[in-house]
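Structure first, commentary second.
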Amino acid sequence: MKRTKIIDALQCTEYGKDINVKGWVRSHRNSKAVDFIALNDGSTINNIQIVVDPTSMDADTLKSITTGACISVVGTLVQSQGAGQTVEIQSKEIEIYGLCPSDYPMQKKGQSFEYMRKYAHLRLRTNTFGAVFRIRHNMAIAVHKYFHDHGFYYFHTPIITASDAEGAGEMFQVTTLDLSRTGKDDTVPYEKDFFGKKTNLTVSGQLEGELGATALGAIYTFGPTFRAENSNTPRHLAEFWMIEPEVAFLEQDELMDLEEDFIKYCVQWALDNCKDDLEFLNKMIDKTLLETLESVVKERFVRLTYTEGIHILEEAVKQGHQFEFPITGWGMDLSSEHERYLVEEYFKRPVIMTDYPSEIKAFYMKKNADGRTMQGTDVLFPRIGEIIGGSVREESYDKLVAEIKARGMEKDSYSWYLDTRKYGSCPHAGFGLGFERLILFVTGMQNIRDVIPFPRTPKTAEF
Ligand code: ATP
Ligand code: MG
Ligand code: MG
Ligand code: MG
């Protein structure tokens with residue numbers, strides 16, 4: 001008999017029909033006359049209830065079907081008498097694919113996320129992580145759909161690169177390993193550069209993305225990004241996914257419109273396509289989740305200059321608000337604590353912050369006429385802080401070269417990038433959004449390690 005996915009079985013109204021479902025046991029309880037098995041196959045957060053007549057099979061075999069076991073059930077689809085479910089299956093035959101011994105680490109409900117992180121390979125089978133990763137999938141689809149529908153080309157930038165886009169030096173170096181030499185001849189280096197060149201894993205696809213935008217008009221990248229920053233925060237990973245649109249002829253105001261429209265589209269997509277999973281997370285993780293998502297798509301984001309932002313923070317200090325990281329005045333970089341104060345307490349809405357001091361931002365960002373601020377457009381979000389870093393790019397060859405020199409960077413290693421300004425330079429702008437920060441916001445989860453299947457951080461990269 002052909003298998004029916006549980007998501008489809010739960011919608012089916014052909015009562016009396018025999019069907020076959022397969023999945024993992026979420027719970028098994030028994031009353032005197034019947035056993036109830038809650039079965040889940042990953043297709044939905046919802047389980048289907050299997051009702052088993054204990055006299056229909058061997059008692060020890062039935063008892064061995066514990067939480068986590070994998071089974072196949074053939075039975076009759078009937079209308080359910082129980083609350084909270086419309087259909088159930090009256091079992092006729094159960095085949096056991098894999099039993100699950102009692103040391104199964106996910107057996108107990110309500111384990112802490114910290115505990116579950118040790119079992120990243122098994123936590124996937126829990127309700128919460130099932131919901132999170134179905135939503136993650138849906139958000140990836142939303143990203144592609146948005147950009148495709150708006151005339152952007154999906155542009156692949158290299159993972160191995162010689163550029164340090166941010167000029168921050170927080171990179172993982174790439175080397176080749178000559179395993180045949182190990183321990184035999186220590187005059188030959190065991191580690192070698194990438195075919196004689198110093199290279200690293202990309203920290204951002206932006207510079208290469210700009211090459212695409214200045215040829216194809218509008219592109220976006222969506223790929224893994226690596227940063228060797230030793231930040232053990234709930235918002236940083238050493239390996240994360242970044243979405244980076246880059247658009248020719250786009251000005252600062254239009255860039256802000258794009259950022260706002262794009263995020264709202266993604267959040268609305270989740271509300272439209274991930275209803276059951278969001279309701280589950282709203283119940284289990286954050287009771288204000290749905291309300292927060294709905295208000296973000298409705299409200300206009302506040303647009304505010306960095307200078308105004310600093311002023312608000314300084315006023316807050318005067319009023320007695322205490323920040324863990326002190327407000328040292330104009331020129332300081334904001335921490336997520338400051339960003340969240342502006343968003344959560346002051347405006348109670350997302351904020352797009354513009355015109356930061358050039359000195360705290362990357363070399364490629366276009367300066368304003370005042371010579372000390374730049375045309376940045378970072379988006380700050382509740383619970384997250386910075387979710388997008390964006391800016392208009394400097395299109396003048398001479399200004400860009402001067403900035404590279406002023407920052408003590410190697411001009412020669414950017415010759416390919418400078419060529420976009422040398423030959424037919426165009427005004428353009430773009431942004432980078434950390435995919436996991438978007439997932440954090442949409443799922444209501446608290447820690448970025450819990451929204452990527454296999455987190456890589458200074459403390460977690462077990463396999
Ligand atoms: P932060 O101030 O939070 O460290 P950033 O300013 O260093 O972020 P950018 O270089 O502007 O980050 O990168 C663009 C976006 O990528 C950020 O707005 C954020 O959403 C995401 N991002 C940056 N670093 C990380 C990281 N280590 N892990 C996950 N996402 C990140
Ligand atoms: Mg950073
Ligand atoms: Mg930042
Ligand atoms: Mg940034």
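The values are calculated or read from the model by the stated rules, or taken from the named source; none is laboratory data. Every value quoted in this text rests on a predicted model; they were computed, and no experiment measured them. Neighbour counts run over all protein chains shown; Cβ positions are idealised from the backbone, glycine included. We work out accessible area using only protein heavy atoms, side chains counted, and drop any ligands, DNA or RNA first. Shrake-Rupley method; radii C 1.70, N 1.55, O 1.52, S 1.80 Å.
Looking only at residues in region 219-266 that are in a loop (DSSP other than H, G, I, E, B) and open to solvent by less than 20 Å² (accessible area, probe 1.4 Å), the one that is farthest from ligand 3 (Cβ to nearest atom) is Ala238.
Put simply, of Ser295, Ser335 the only residue that is of a type in the set (S, T, N, Q) and within 16 Å of ligand 2 (Cβ to nearest atom) is Ser335. Yes or no: Leu216 hydrophobic (A, V, I, L, M, F, W, C), more than 16 Å from ligand 2 (Cβ to nearest atom) and open to solvent by 50 Å² or more (accessible area, probe 1.4 Å)? The answer is yes for Leu216.
Which members of region 364-391 meet the condition of being away from ligand 1 (no atom under 14 Å from the Cβ), without any contact (Cβ under 8 Å) to a residue 40 or more places away in the chain and in a strand (DSSP E or B)? Matches in region 364-391: Lys367 only. Checking each residue in region 128-149 for being over 23 Å from Lys108 (Cβ atoms), β-branched (Val, Ile, Thr) and under 12 Å from the mean Cα position of the chain (by Cα) picks out Ile135, Val143. Among the residues here, Leu334 qualifies as at pLDDT 95 or above, within 16 Å of ligand 4 (Cβ to nearest atom) and either in a loop (DSSP other than H, G, I, E, B) or open to solvent by 30 Å² or more (accessible area, probe 1.4 Å) (or both).
The single condition among (1) touching a Leu at 6+ places or on another chain (Cβ under 9 Å); (2) modelled with pLDDT under 90 that Asp178 does not meet is (1). One residue stands out in region 356-398 among those that are within 14 Å of ligand 3 (Cβ to nearest atom) and open to solvent by 40 Å² or more (accessible area, probe 1.4 Å): the one that is farthest from the chain's Cα centre (by Cα), namely Glu359.
The set of residues in region 79-93 being in a strand (DSSP E or B) and open to solvent by 30 Å² or more (accessible area, probe 1.4 Å) consists of Gln79, Gln90, Lys92, Glu93.
Just the residues that are in a strand (DSSP E or B) and crowded, with 17+ Cβ neighbours inside 10 Å, please, taken from region 27-48. His28, Asp35, Ile37, Ala38, Leu39, Asn40, Ile48, listed by residue number. A Cβ distance below 6 Å, combined with a sequence gap of six or more or placement on separate chains, defines the contacts here; from region 441-452, residues that are under 23 Å from Glu294 (Cβ atoms) reach residues that are open to solvent by less than 10 Å² (accessible area, probe 1.4 Å) and not aliphatic (A, V, I, L, M) in the pairs Phe441/Phe381; Val451/Glu436. Note on region 189-218: among residues that are assigned to a loop (DSSP other than H, G, I, E, B) and either more than 26 Å from Thr175 (Cα to Cα) or β-branched (Val, Ile, Thr) (or both), the one that is farthest from ligand 4 (Cβ to nearest atom) is Gly217. When region 322-355 is limited to residues that are within 26 Å of the chain's Cα centre (by Cα) and of a type in the set (A, V, I, L, M), the one that is nearest to ligand 1 (Cβ to nearest atom) turns out to be Leu334.
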